[in-house]
Amino acid sequence: MIIEYLKKIGLLIILVLIQVLVLNQIHIFGYATPILYIYVLLKLPADISRNGLLLWGFTTGLIIDFFSNTPGMHAAACTALTLLLPQIRSLYAPKGDVELVQVGIHSMGVSFFTKYLLTAILVHHSILLLIEAFSFFDITLLILRVSSSTLLTFVLIMAIDTLNKPKKLV
Amino acid sequence: MRKLLDFLRRYNYWFLFVLLEVTSFTLLIQFNNYQQGTFFTSANRVAGKIYEMEANVTAYFQLKESNQLLLNHNTQLEIQIAALQKMLQRQKVSVAKIDSSLIAPFIGVKFIPAEVINNQISEINNYITLNKGTKEGIKEGMGVIGPGGVIGIVHLTSPHYSLVISLLNIKSRISCKVANTGYFGTLRWAPGDSRYAFLEGIPRHARCKKGDFIVTSGYSEIFPVGARIGRIFKVTESKDGLSYTVCVALSSDFGNLTDVRVVAQEFTPERKQLEEEEVKSNDDH
């Protein structure tokens, strides 16, 4: 259990570093920035308590905020995302399926995971960029940024999760 | 009662959610509205260190461009010196005899060199992190100038790092003027393109054309008079039709910033005293 959490913390540190040092410098067409760090939140086990989930979200967001000079912005978006994650999962869960513990493309199947991922990313990016839009509102810019970033993040996480095969239990 | 307790137990995560969201928004509003510590920004110790390590590595990739930029800057300065010397000779003053009155305006102006360790260009509020802080004498409100021209104004400082409001920030306001005519206005930036900014408030009778230089006005004592900002790219009418809005092509390349100078101007005591009195009288009312 503890090893599992240490692994998650390690993943968090790696993703934060990749995010702030590499991905934040990417702006395809000036709009799309992949936001990879939410991968760690999406991969949290399904049986984690709601309070624990929220705390994970808040902390992850706050760490990103440190680096990008946006105190509170990512934290607010991630907290909202982690509140909605279980709802999003139960929305698309196939009926009569056994209780899900592992979250991932291999344990959930392509269709279920794709829907879950796309909704979660869209929710997070919309909230994040809406909060940003408080200081400057331009509806076309907002829609362009949300849709292009969502697409980019989606492709990136799909690729990583497909490669990240869980070890088979013998 | 039991039902109520059950309800609270089942939905207690909502309280945590509200608490965390309120904390987030408090941080957000505080950062936007008030001067505060650097703890939640990239000028804090951990983030600063990580960005510094990254800058140490990536600086090598830009060595060639930086070199070229410095060379150009040097050449320009040399040409300027040659031109000035020629002018002085025409005035029959030998260069060696320049008396202190000529240098007087520059006394009290100090340049602190610093390195850019983090630079944002495509957010709505862009910030730059520098690797020098209060220990080297950088204070909040000082101007920052790069090889191409004006970069921004120091917003927050910690002992070893400082956070600069980039010119590419919708909160940025810089007082500047058209170099040859002297008409002045306020330079602002609109999100989208990091190459252009907008100069507002140029009166309609002012004649300005594409290619005119835009420089700092020096009214605020943040920047010295005549620091380069850019050139006029396009002149359009403002929305109310009373003045021109000038699109300025910035002369600094914000995508490639490595070395900058922080302008430490000592306020003339008289002006400082005057402004302090003004603030005091405002407080009294």
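The values are calculated or read from the model by the stated rules, or taken from the named source; none is laboratory data. Just so it is clear, the model here is predicted, and its values are computed rather than measured. Cβ coordinates were reconstructed from backbone atoms using ideal geometry, including for glycine residues, and neighbour counts include every protein chain displayed. Keep in mind that these areas ignore ligands, DNA and RNA; they rest on the heavy atoms of the full protein, side chains included. Shrake-Rupley method; radii C 1.70, N 1.55, O 1.52, S 1.80 Å.
Quick look at the numbers
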| item | result |
| --- | --- |
| Top positive-direction residue, dipole computed over the protein assembly as shown with Cβ charges, set B:Thr181, B:Val260, A:Ile105 | A:Ile105 |
| With DNA, RNA and ligands ignored, accessible area of A:Ile18 (1.4 Å probe; Å², nearest 10) | 60 Å² |
| Per residue, in Å², the accessible surface of the protein assembly as shown once ligands and nucleic acids are set aside, probe 1.4 Å | 57 Å² |
| Estimated [θ] at 222 nm from DSSP helical runs (n ≥ 4, -39500 (n - 2.57)) normalised by residues in chain A, nearest 500 | -23000 deg cm²/dmol |
| Residues whose placed amide H lies under 5 Å from that of B:His155, excluding near-sequence neighbours | B:Gly141, B:Leu163, B:Val164, B:Ile165 |
| Three-way shape call for the protein assembly as shown based on the alpha-carbon gyration tensor, with the a/c threshold at 1.5 | prolate |
| Average Cα contact separation per residue, chain B, under 8 Å, 6 or more apart, as relative contact order % | 17 percent |
| Accessible-area ranking of A:Arg145, B:Arg173, largest first, probe 1.4 Å | B:Arg173, A:Arg145 |
| With every protein chain in place, chain B: carbon and sulfur % of accessible area (1.4 Å) | 58 percent |
| Separation in nanometres of the label points that stand 7 Å from Cα toward Cβ, at B:Asp240 and B:Met87 | 3.7 nm |
| With DNA, RNA and ligands ignored, accessible area of B:Ser122 (1.4 Å probe; Å², nearest 10) | 30 Å² |
| Residue-averaged 222 nm ellipticity for chain B, from DSSP H runs of 4+ at -39500 (n - 2.57), nearest 500 | -11000 deg cm²/dmol |
| Using a Förster distance of 51 Å, the FRET efficiency for B:Lys209-B:Thr58 (Cβ separation, nearest 0.05) | 0.85 |
| Segment A:49-58 - phi-based ³J(HN,Hα) in whole Hz, Karplus 6.51/-1.76/1.60, Gly and Pro as x | 5, 4, 5, x, 4, 4, 5, 4, x, 4 |
| Contour excess over end-to-end distance, with Cα ends at B:Leu19 and B:Arg45 and 0.36 nm allotted per residue | 6.7 nm |
| For segment B:1-93, with +1 on Lys and Arg beta carbons and -1 on Asp and Glu, the positive-most of B:Gln76, B:Phe39, B:Leu5 along the dipole | B:Leu5 |
| Chain B: DSSP helices with Cα axial extent of at least 30 Å and average Kyte-Doolittle hydropathy no lower than -0.5 | B:12-33, B:63-90 |
| Among A:Thr59, A:Ile139, A:His74 the positive-end extreme of the charge dipole of chain A (Cβ point charges) | A:Thr59 |
| Heavy-atom accessible area order for A:His106, A:His74, largest first, 1.4 Å probe | A:His106, A:His74 |
| Accessible area buried at the A-B interface, both sides summed, 1.4 Å probe (Å², nearest 100) | 3000 Å² |
| Subset of B:Lys110/B:Lys135; B:Lys139/B:Lys177; B:Lys86/B:Lys209 violating a 20 Å alpha-carbon distance limit | B:Lys139/B:Lys177; B:Lys86/B:Lys209 |
| Label point distance in nm, A:Phe137-B:Gln273, each placed 7 Å from Cα along Cα→Cβ | 4.9 nm |
| Choice from B:Ala82, B:Ala249, B:Ala227 showing the highest fluctuation, given a GNM over chain B with Cα pairs closer than 10 Å | B:Ala82 |
| Phi to ³J(HN,Hα) by Karplus 6.51 cos²θ - 1.76 cosθ + 1.60 over segment B:168-184, Hz, x for Gly, Pro | 8, 9, 5, 8, 6, 9, 10, 7, 8, 9, 7, 4, 7, 9, x, 5, 10 |
| Extension gain, B:Lys110 back to B:Asn33 (0.36 nm per residue minus Cα-Cα distance, nm) | 24.8 nm |
| Cα-centred dipole magnitude for the protein assembly as shown, charges only on beta-carbon of K, R (+1) and D, E (-1), debye, nearest 20 | 820 debye |
| Other-chain or far-sequence residues with amide H under 5 Å of B:Ile174's (modelled H) | B:Leu187 |
| Global form of segment B:107-177, assessed from the alpha-carbon gyration tensor, a/c cut-off 1.5 | oblate |
| Most to least accessible of B:Ile170, A:Ile157, A:Ile14 (protein chains only, probe 1.4 Å) | A:Ile14, B:Ile170, A:Ile157 |
| Whether segment A:1-103 is rounded, prolate or oblate, judged on the alpha carbon gyration tensor where a/c under 1.5 counts as rounded | prolate |
